[in-house]
1. Might you let me know whether the stretch 176-186 holds any residue that is free of Cβ contacts under 8 Å to residues at least 12 places away in the same chain and assigned to a loop (DSSP other than H, G, I, E, B)?
2. What's the total number of residues in the stretch 81-119 that are out of contact with any strand residue (DSSP E or B) (no Cβ under 6 Å at 6 or more places or on another chain), buried (at least 21 other Cβ atoms within 10 Å of the Cβ) and assigned to a loop (DSSP other than H, G, I, E, B)?
3. Being without any contact (Cβ under 8 Å) to a residue 60 or more places away in the chain and surrounded by fewer than 18 Cβ atoms within 10 Å (Cβ to Cβ) is the filter here; which residues of the stretch 339-353 pass it?
4. Would you mention how many residues in the stretch 272-291 are within 11 Å of residue 323 (Cβ to Cβ) and in contact (Cβ under 8 Å) with a residue 60 or more places away in the chain?
5. For the stretch 41-59, name all the residues that are buried (at least 21 other Cβ atoms within 10 Å of the Cβ) and assigned to a loop (DSSP other than H, G, I, E, B).
6. For the stretch 25-51, give me each residue that is under 29 Å from residue 138 (Cβ atoms) and at pLDDT below 95.
7. Check the stretch 142-152 and report whether any residue there is assigned to a loop (DSSP other than H, G, I, E, B) and over 25 Å from residue 262 (Cα atoms).
8. Condition first: surrounded by fewer than 18 Cβ atoms within 10 Å (Cβ to Cβ) and over 30 Å from residue 337 (Cα atoms). Can you find one or more residues in the stretch 366-387 that meet it?
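The values are calculated or read from the model by the stated rules, or taken from the named source; none is laboratory data. Here the structure is a predicted model, which means the values were calculated and not measured. Note that each Cβ is placed from the backbone with ideal geometry, even for glycine, and that neighbours are counted across all protein chains shown.
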């Protein structure tokens, strides 16, 4: 169902609907039995917050009023509702909108659990989910991306759920880079605040305008400011989206893996490419020269912490995704060739793996097997560490054959610097 366009349909007065909502919200039982006057299903891949905005507009009521009267005990807009919505919230929404529970759940970011990542952290960072940084109901960070062409072509404009994902730096339909802020005033997207602080406006009439300067994101002016992307980049994004939907992704003709395992490896590739390491920088420059993927602007100041992929701006994520895309071509031959050439060994490719620290909502300490197998088996350059028994036997051998033994002789014998330390115990 396409739903009702608030620009062309007459909506009931706000007060009448508020009365209906108050009556419906008077008890927990009524929340489960009283449907809204206008049933409105989510559009394909619609984001939960976008759907809530369209519902409020269709019923002629401000979204804050709509939310507080429907869920009087829940804080909706002072947190990332797309990620934090629980089962009770979704159950009420599904029943009152005349939508199946599955369709309602599919509008949330938690529906990616088991497909994009293993475990969702509802109130903290989760791999691949862009943060919006809410403070006093205002989104401070640039986690809500959009395609102006999609918004312009929609019969009823809406925001896609996939636009909240860190690897979605391009529109797979229009072959352009997505935008993550207002092109004019550079403010983050806050489509839920368009009608606030204006007593003369009873409800929002648009979901596409900047809350700060009122620029229409679906206008031709905004569309003209976008940057085109290449066909291979678009094809890669399409491949990722298809794999995400199906739950499995082909890395080679002989290797298919679960989608969340693939994305864990892809994320690790991108994070290592972002490291401020000279060998990694040389590899990036080689990719730039040979494949024209423009990786020369990747910079990070903090060298002690793990690269936060979701915290990078859209341009840097776009560059890193392109670099990882090239490394996955003819996997693993090109990856091993370039890594060997620039001496980027397993110690770097396995650096900053995800941990089970509950603060970050992650449960996995190791890389996915398809990634680890290549990195460990073909790029492992650990130095040989002789045992105490081997050192003792070598010491006796050198005394018998050379008449003497010292640390340098042991090191030359084993070809391992570790012999210096261990021989000191002799």
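1. The answer is yes, given that some residue of the stretch 176-186 is free of Cβ contacts under 8 Å to residues at least 12 places away in the same chain and assigned to a loop (DSSP other than H, G, I, E, B).
2. So the answer is 4.
3. 340, 341, 345, 347
4. Count: 3.
5. Across the stretch 41-59, the qualifying residues are 42, 43, 47, 59.
6. Matches in the stretch 25-51: 25, 31, 36, 38, 40.
7. Within the stretch 142-152 (the criterion being assigned to a loop (DSSP other than H, G, I, E, B) and over 25 Å from residue 262 (Cα atoms)), the answer is yes, since at least one residue qualifies.
8. Among the residues of the stretch 366-387, at least one is surrounded by fewer than 18 Cβ atoms within 10 Å (Cβ to Cβ) and over 30 Å from residue 337 (Cα atoms), which makes the answer yes.
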